[in-house]
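This report concerns only the one structure given below.
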Amino acid sequence: MDQFEVFHRILTQSNPSSMVSMATQACRETANFCQAEVVAYYAVHAGGMDCLAACDAFDNEIVDLQRNINENLVQQVSLSGNLQTQTLNLNELDRSLSLSKRQHVVAVPILSTASVTGVFYIARSTDHMNFTENEIRVLKHLCKDIGRLIQNTRNMQETQFELDTTRSELEMNRIGIMGDHPSMVHMFEIIKKLARVPSTVLIHGESGTGKELVAGALYKLGSYDGPLISLNCGSVEPNLLKSELFGHTKGSFTGAVKDRPGLFKRAENGILFLDELGEMPLDMQVTLLRTLECGEIHPVGADEPMQVQTRIVCATHRDLRTMVKDGKFRNDLRQRLKGLTIRVPPLRDRRSDILPLADYFVTKYNQRLGLNFKGLRKEAKDQLMTMDFRNGNVRELEHTIERAMVFEDDPDFISVKYLEQGDEDRDESAQEAGLPPKIKGDGTFEEQMSAYASILLKDAIEKSKGNKTKAMKSLGLSRTTFYSLLNRHGIN
Ligand SMILES: Nc1ncnc2c1ncn2[C@@H]1O[C@H](COP(=O)(O)OP(=O)(O)OP(=O)(O)O)[C@@H](O)[C@H]1O
């Protein structure tokens, strides 16, 4: 195979890994290197290096890398970015294959945008002559092109990711959910997936984080013939809740003067949104669970149950696990719901969303109140960035902006003057400022430590603007520990 064919074969691969294995194979087959006993490729990343391909002269995979490849040399090249050659005495490595005792070795770095992304390692027996200048030149060219390709492919993948992200952000913005913090983008992806299926969903998040908006998004993105109907479970008298949800027949209780369909029936082929699910009485939780399991409702006073095709979306700001422990929520219902949970992050965990949200609310209340504000003054923006919105999240921010717009004397710009949180909020949040929500004395030691760990991880990711490698380094954690912690705490 000539050099042109090698390049052609490599350059026509669609992704870096197939390109790399093709390059490895092509290298070995190239007339120039046909005497190569070992051809290997190491990918280099922030956490170290991984061997992606290694084979001997007969195309057998080399498994025992340490005993057959001078990995120290590979590492030196990955750090220096300079090609190195060496004549190696394989006995030094305690070789395990039937390789020659002495080898000529060349290790070539693969550079993309000035950093080393890989190292090619080629070795042949000293029975043959050492690598010629021409061979080295060909290798250098080859690695340069591979580096460029890897970089291009990465750029393409990043652009695609940014495009997908922007598309889902725009989609959510169109339906009224603002936010471009990574945690929101992650949530948008989950909403889009869950909108496609009829499964029951639980939306969990602090008060005012936008849970109702999320329920609306599930409805708007799904295709439903029926309506979206909401019920705040805490707002209905417990003894009326059953009839409200399941309906009743005429005469089934005093005041039931005619048959009345319940919300399950009225929301048929649509979504019934049960807000504040934590407030639902225990006996109703049993009935709800039964309905979720078999899709049947039993109107009060009816002889027979009836089937309904209604999707249930629930929301709560409460910690249902604690409620189960306290005997206030049924564990079986929690288990049924917890599989498909959308977590809405609190505003303090996505501070980069504060100012875009503030602008959004200025526009919203300009329209609603017939005003014409152009935006916020710098001190006003700075002031918003110092607030933690611990008591009401986005709703609190929205009301803060609305209040300032109503009272502001300047018709064009909102100043800092009316941007303060309400007194009662300020006292409470001042007390709690800086303390993670769970570190308020409730929960076991382990629970509180876990809450604290989650906050440390989120903070580090936020500070590094979503760059996980940076976050990992700032916390002084190894890659494995960092990612297993992210997994454990459900942080994406
Ligand atoms: N991401 C967001 N983008 C735009 N507006 C938002 C966002 N999140 C919340 N809001 C606004 O904040 C207010 C509160 O939102 P919503 O009622 O959905 O919160 P919630 O979590 O359901 O509150 P609660 O727990 O009190 O029921 C609404 O006016 C909503 O439009």
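By definition, a body whose alpha carbon gyration tensor gives a ≥ b ≥ c is prolate when a/c is 1.5 or more and a/b is larger than b/c, and segment 82-240 fits this prolate description. Ranked by how many other Cβ atoms sit within 10 Å of their own Cβ, fewest first, the residues 488, 377, 350 fall in the order 488, 377, 350. Placing a pseudo-label 7 Å from each Cα along the Cα-to-Cβ vector at residue 366 and residue 487 gives an inter-label distance of 4.8 nm.
When restricted to Cα atoms, segment 183-343 yields an Rg and a Dmax of 15.6, 51 Å, respectively. Look at the alpha carbon pairs under 8 Å that are at least 6 residues apart: their mean separation over the length of segment 154-238 gives a relative contact order of 25 percent. Here the peptides 204-215, 166-177 are ranked by packing, the mean other Cβ count within 10 Å, and the order with the highest first is 204-215, 166-177. Here the Kirkwood formula, the inverse mean of 1/r across different C-alpha pairs, assigns segment 123-167 a hydrodynamic radius of 13.3 Å. For residue 82 and residue 190, a Förster radius of 51 Å and the Cβ-Cβ distance give a FRET efficiency of 0.65, rounded to the nearest 0.05.
Placing +1 on the Cβ of every Lys and Arg and -1 on the Cβ of every Asp and Glu, with no other charges, gives the chain a dipole of roughly 340 debye about its Cα centre. So which lysines can residue 473 reach, going by Cα to Cα under 23 Å and dropping same-chain residues fewer than 8 places off? Hits, sequence-local ones excluded: 458, 463, 465. Extension gain, residue 418 to residue 335, is 25.3 nm, computed as 0.36 nm per intervening residue step minus the present C-alpha separation.
Of all lysines in the structure, those lying under 17 Å Cα to Cα from residue 378, and not within fewer than 8 positions of it along the same chain, are 417.
Neighbours of residue 51, meaning other residues whose beta-carbon lies under 12 angstrom from its beta-carbon, give a summed charge of -4 when Lys and Arg score +1 and Asp and Glu score -1. Using a cutoff of 8 angstrom between alpha carbon atoms and counting only pairs six or more residues apart, the relative contact order for the chain works out to 10 percent.
Ordered by the number of other Cβ atoms lying within 10 Å of each residue's own Cβ, fewest first, 252, 478 fall into the sequence 478, 252. Cβ crowding within 10 Å ranks 304, 276 as 304, 276, fewest other Cβ atoms first. In this structure, the pairs whose alpha-carbon distance is over 21 Å, taken from 193/338; 144/468; 211/242, are 144/468; 211/242. Placing unit charges on each Cβ (+1 for Lys and Arg, -1 for Asp and Glu) gives the chain a dipole about its Cα centre, and among 346, 106, 397 the Cα reaching farthest toward its positive end belongs to 106.
Placing unit charges on the Cβ atoms of the charged side chains and taking the dipole of the chain about its Cα centre, the candidate lying farthest along the positive direction among 234, 170, 91 is 91.
Sorted from greatest to least, the principal axis extents spanned by the alpha carbons of the chain come out as 103, 64, 46 Å.
Taking chymotrypsin sites (Phe, Trp or Tyr not before Pro) as exposed when their DSSP state is a loop state and no more than 14 other Cβ atoms lie within 10 Å, the longest site-free interval of the chain runs over 254-492.
With helices as the sole contributors, the chain gives -14500 deg cm²/dmol at 222 nm; each DSSP H run of n ≥ 4 counts as -39500 (n - 2.57), and the sum is divided by every residue. Each label was represented as a point 7 Å from its Cα along the Cα-to-Cβ direction; for residue 406 and residue 296 these points are 5.2 nm apart. Hey, quick one: spin label on residue 359, modelled 7 Å out along Cα-Cβ, who in segment 398-417 has an amide N within reach, i.e. under 16 Å? The answer is 413-414, whose backbone nitrogens lie closer than 16 Å to the label point.
Since every read-out is calculated from the coordinates, none of them should be taken as a lab result. Just so you know, these numbers come straight off a predicted model, no measurement behind them. All Cβ positions, glycine included, derive from the backbone under ideal geometry; neighbour counts span all protein chains shown.
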